[in-house]
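Student: Got a structure for you, questions after.
No value in this document is a laboratory result; all are computed from the given coordinates. Computed from a predicted structure; not experimentally measured. Methodologically, a virtual Cβ is constructed for each residue, glycine included, from the backbone with ideal geometry; neighbour enumeration extends over all protein chains shown.
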Amino acid sequence: VSWKDLVCAACSGRVAEGRCPTCRAAREQFLADRPSVPALAVATASGVLAVVVVALRVAGLA
Ligand SMILES: [Zn+2]
């Protein structure tokens with residue numbers, strides 16, 4: 001699974017599509033020649049948030 005498959009927790013779109021500022025910021029980080037530690041942190045946070053959002057929807061809580 002590459003970063004292009006990540007789903008944005010803010011707009012529910014693919015990060016690669018850059019639909020919102022969060023997507024674009026994350027995409028720029030991923031596209032950087034040398035990913036920094038903050039970039040990895042953003043990717044991890046986005047992934048966790050996406051999983052939480054999906055879990056809540058499945059549970060019917062959101
Ligand atoms: Zn987004």
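Student: To the nearest 0.05, how large is the calculated FRET efficiency for residue 25 and residue 53 if R₀ is 25 Å and r is the Cβ-Cβ distance?
Tutor: Values: r = 18 Å, r/R0 = 0.72.
Once the sixth-power term is evaluated, E becomes 0.90.
Student: No solvent, one uniform scatterer per C-alpha: report log10 I(q)/I(0) for the chain via the Debye equation at q = 0.22, 0.27 1/Å, two decimals.
Tutor: -0.82, -1.13
Student: What number, rounded to the nearest 500 deg cm²/dmol, is the helix-based mean residue ellipticity at 222 nm of the chain, given -39500 (n - 2.57) per DSSP H run of at least four residues and division by all its residues? Write down the numbers at each step before the final one.
Tutor: Values: 2 runs with 34 residues, N = 62.
Dividing the helical sum by the residues of the chain leaves -18500 deg cm²/dmol.
Student: In which sequence would 12, 2 go, from the one with the fewest C-beta neighbours within 10 Å to the one with the most?
Tutor: On the way: 12 13, 2 7.
Ascending number of Cβ neighbours within 10 Å: 2, 12.
Student: Placing unit charges on C-beta atoms (Lys and Arg positive, Asp and Glu negative, everything else neutral), compute the dipole magnitude of the chain about its Cα centre in debye, rounded to 20. Please list the in-between numbers first.
Tutor: On the way: 7 positive and 4 negative charges, 20 e Å.
Its charge dipole is roughly 100 debye.
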